[in-house]
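Engineer: A single structure is presented below for examination.
Bear in mind that the values in this text are calculations on the coordinates, not laboratory data. Bear in mind that the values here come from a model prediction, so they are computed numbers and not experimental data. Cβ placement follows ideal geometry from the backbone for every residue including glycine, while neighbour counts extend to all protein chains displayed.
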Amino acid sequence: MTIALPSLFSPLQMGALALPNRVVMAPLTRARASVDNVPTALMAIYYAQRADCGLIVSEATAVDPLGMGWYRVPGIWTDAMVEGWRAVTNAVHAAGGRIVLQLWHMGRLVLPDYIGGAQPLGPSAIAATGETFAPPGEGYQGGFLPMKPYVIPREMDTADIARLVEAFGQGAARARDAGFDGVEVHGANGYVIDQFLQSASNRRSDDYGGSLANRTRLLEEVLEAVTSEMPADRVGLRISPTSARKGMGDEDPGALAEGVATIAGRFGLSYVHLIEPIASGFMERPDNPVVERVRKAFPGVTIQNGSFDAASADACITSGQADAVSFGRPYIANPDLVRRMREGLQIAAPDFDYAYVGEARGYTDYPVL
Ligand SMILES: Cc1cc2nc3c(=O)[nH]c(=O)nc-3n(C[C@H](O)[C@H](O)[C@H](O)COP(=O)(O)O)c2cc1C
């Protein structure tokens, strides 16, 4: 008797969602929303082009204007945004796909330029390292945006935290209204939840800082708010506990990963989306990968991410390391990535000049083979 091992192209039941294959489109900020952060018709075309993957995770989407710090990224805090997103979910569903919304708050990574000159919010008054895209000035005609360094955030008080938690809950409710199949809480890449989780950015002395139990408290409150609006079997969580980019870092990433995965399990989340390992580019390959600790602590689906190709992704799944693999950069230039990987066809290279800025060029004009 032969036992069919799961492969990249085999179906997967993930919480309430039945995925036809284990190829996940990773969330990709592409900055094609309107200047008012409303999703556009172009975005519906882009996502529908990629609908044959097992699951699309949308680009990061701000739940609160105070957490939005990037030109032309989408939000989900107004009715107009819900309407814009509804056109996207309708297009993806009409093309036979499934899409979840990534709920996002940038915390200390917001430049004051985006929030009327105010000081951004963070767990502690510690600036991120590096710089980011500032909004363009008057008369902007396209092209690269100016860069500015991150600033020292204002330490959030309990009212700020309550507003943030509420915004995530409202984001989940609006995502449901917009027709999404679920949501992914963005707890990765140095954004606000990650800022609370990791010890380098969280130096608080109250109930939200110090011990691991305290640093995970904000996440628990967010998951409570989100799962009261969207059933837990449609909620995922993205984490990057070993990433040290933008001044992040944790005293014990393995313990953090296990603690967070345990919480995800307690809430009955459908998946944990782990960014690790990465051979090049997005983050350094960690010395001590944490995927096994996530796997042991979390009974749901584990999605692994970072510099995979078809062969390494299939090996990751057949070895049982993860249930599914997500692809980020390969999805920029290969709308038909599933077919190309399945049939061993050529994988096109993206033009990064149009990754984070522009219109149709470098966005919806990549051909299918
Ligand atoms: C253009 C671009 C935009 C991205 N935007 C997001 C995002 O909105 N949310 C997120 O969690 N990760 C984002 N990422 C990270 C990717 O989801 C992914 O983790 C990273 O590209 C590594 O996977 P890969 O090696 O398959 O590209 C972005 C990456 C790129 C290249």
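Engineer: For the chain, what is the percent of antiparallel DSSP beta bridges, rounded to the nearest 5?
Structural biologist: Numbers: 7 of 41 bridges.
In the chain, DSSP labels about 15 percent of beta bridges as antiparallel.
Engineer: So how much slack lies between Gln321 and Ala80, counting 0.36 nm per residue of separation and subtracting their Cα-Cα distance, in nm?
Structural biologist: Between Gln321 and Ala80, full extension yields an extra 82.7 nm.
Engineer: Could I get the Rg over Rh figure for the range 285-352? Both from C-alpha atoms, Rh via Kirkwood, rounded to two places.
Structural biologist: On the way: Rg = 13.5 Å, Rh = 13.3 Å.
Here the Rg-to-Rh quotient is 1.02.
Engineer: Starting from the Cα coordinates of the range 1-105, work out the convex hull volume and express it per residue in Å³.
Structural biologist: Value for the range 1-105: 104 Å³ per residue.
Engineer: While we're on this one: Out of every Cα pair in the chain, what percent are spaced more than 28 Å from each other?
Structural biologist: 40
Engineer: Can you pull the semi-axes for the range 98-218, root of five times each eigenvalue of the Cα gyration tensor, sorted largest first, whole Å?
Structural biologist: Details: eigenvalues 121, 99, 31 Å².
Computed over the range 98-218, the values are 25, 22, 12 Å.
Engineer: Still on this structure, please answer the following. Within the chain, which is the longest segment that contains none of the GluC sites (Glu not before Pro) sitting in a DSSP loop with at most 15 other Cβ atoms within 10 Å?
Structural biologist: Excluding the exposed sites themselves, the longest stretch runs over 1-137.
Engineer: More than 21 angstrom separation, counting every C-alpha pair in the range 54-138; what % is that? Walk me through the numbers before you get to the answer.
Structural biologist: Details: 1410 of 3570 pairs.
The share of Cα pairs beyond 21 Å in the range 54-138 comes to 39 percent.
Engineer: Among bridges DSSP assigns within the range 119-239, what percent are antiparallel (round to 5)?
Structural biologist: Counting DSSP beta bridges with both partners in the range 119-239, the antiparallel share is about 30 percent.
Engineer: Using only helices, what value at 222 nm comes out for the chain when you add -39,500 (n - 2.57) per DSSP H run of length 4 or more and divide by the total residues, to the nearest 500 deg cm²/dmol?
Structural biologist: When only DSSP H runs of four or more count, the value is -8500 deg cm²/dmol.
Engineer: Starting from the coordinates of the alpha-carbon atoms of the range 28-81, obtain the Kirkwood hydrodynamic radius over all distinct pairs and give the value in Å to one decimal.
Structural biologist: 11.6
Engineer: Helix by helix, which DSSP H runs in the chain go 20 Å or more along their axis at the Cα atoms and have an average Kyte-Doolittle hydropathy of 0.0 or more?
Structural biologist: Membrane-span-like by this criterion, though nothing is claimed about a membrane: 79-94.
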